Amino acid sequence: MATVIDTLKARGSEDRAARHPEKQNRPDTPVLRKPDWLRVRAPGSGQYNETKGIVREHKLTTVCEEAACPNIGECWSQKHATMMIMGEICTRACAFCNVTTGLPTQLDPDEPRRVAEAVAKMGLKHVVITSVDRDDLLDGGARHFAEVVTAIRAAAPGTTIEILTPDFLRKDRAENVVIDSKPDVFNHNLETVPRLYLKIRPGARYYNSLRLLERVKERDPSQFTKSGLMVGLGETKEEVMQVMDDMRSAGVDFITIGQYLQPTRKHAAIDRFVTPEEFKAYEAIARAKGFLMVSSSPLTRSSHHAGEDFAKLQAARRALDARTA
């Protein structure tokens, strides 16, 4: 029988207050009971513990833990972990996110080496590197991202690299440094529809994020670009379809669509649980609009099955090139 991981109870109330001080004066939002299709097994396999040990040994932060990802048991049991660089404190206070908000510490210059060593030790074929937002840094952490990519190339040359970056808002094209480090996949999530940005992602700007993805393609057309949406926040089907069109206009290759899950009662409330059938319909629509790769399901997350999906993405591009040759 599957065991439900309740992220609302995963941390004590004092810890939640420390992680999200800006949310403590907000009224509690209602919590909807999860449907059967969102039930996942609690982690605890031998391989899971081995992955956890490597993460601890190298003093790494993972978005799997910090964002209370429901797929952590499955991914860590398969030696997949998404590294979160530049600390565990974010300068943003998005209404959906479980990562700690506050004033970050200084960057650790040794972090690129430690991340690269862990990737090599785990024998990863594909790795996903993400980060907190670092609005306090002049370049938003772009140089640090590039150094991590370079270090992984040196320590694990056979590993393909996917990055999930901040939006580099008002950072004077700092993202060019990251693009020029040549990751295999450049991912930046739009997260939600434009109408909900002020409520869900108040520190970001929809068209800045969209333009970032477009600039990746302009600077390096060979790089795959990827972006994701959460649904169940109150968006309409028509709004989701419009975001798909916007992504395709920006040249995005790969779209992920997953169910929003509420980290605590102080976070944005779930409007509804989108059914598996609706996710399948979104997948069909996205494929019809020309995305090379689509992952659309209740438990889809940006880095879930990222290695397998990257192989499919490469195959889809080869097939498209063959048809248009």
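Per-structure values
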| quantity | calculated |
| --- | --- |
| Label-point separation in nm, Arg318 to Val31, each point 7 Å along Cα→Cβ | 4.7 |
| Quotient of Cα Rg and 2.2 N^0.38 Å for the stretch 161-265, N being how many residues it contains | 1.06 |
| Counted charge near Thr256, where neighbours are those whose Cβ lies closer than 12 Å (Asp, Glu -1; Lys, Arg +1) | -3 |
| Listed pairs Lys121/Lys217; Lys226/Lys312; Lys171/Lys199; Lys182/Lys280 exceeding 25 Å between Cα atoms | Lys121/Lys217; Lys182/Lys280 |
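Since every read-out is calculated from the coordinates, none of them should be taken as a lab result. No experiment lies behind these values; they were computed from the predicted model shown. Note that we place each Cβ from the backbone using ideal geometry, even for glycine, and neighbour counts take in every protein chain shown.
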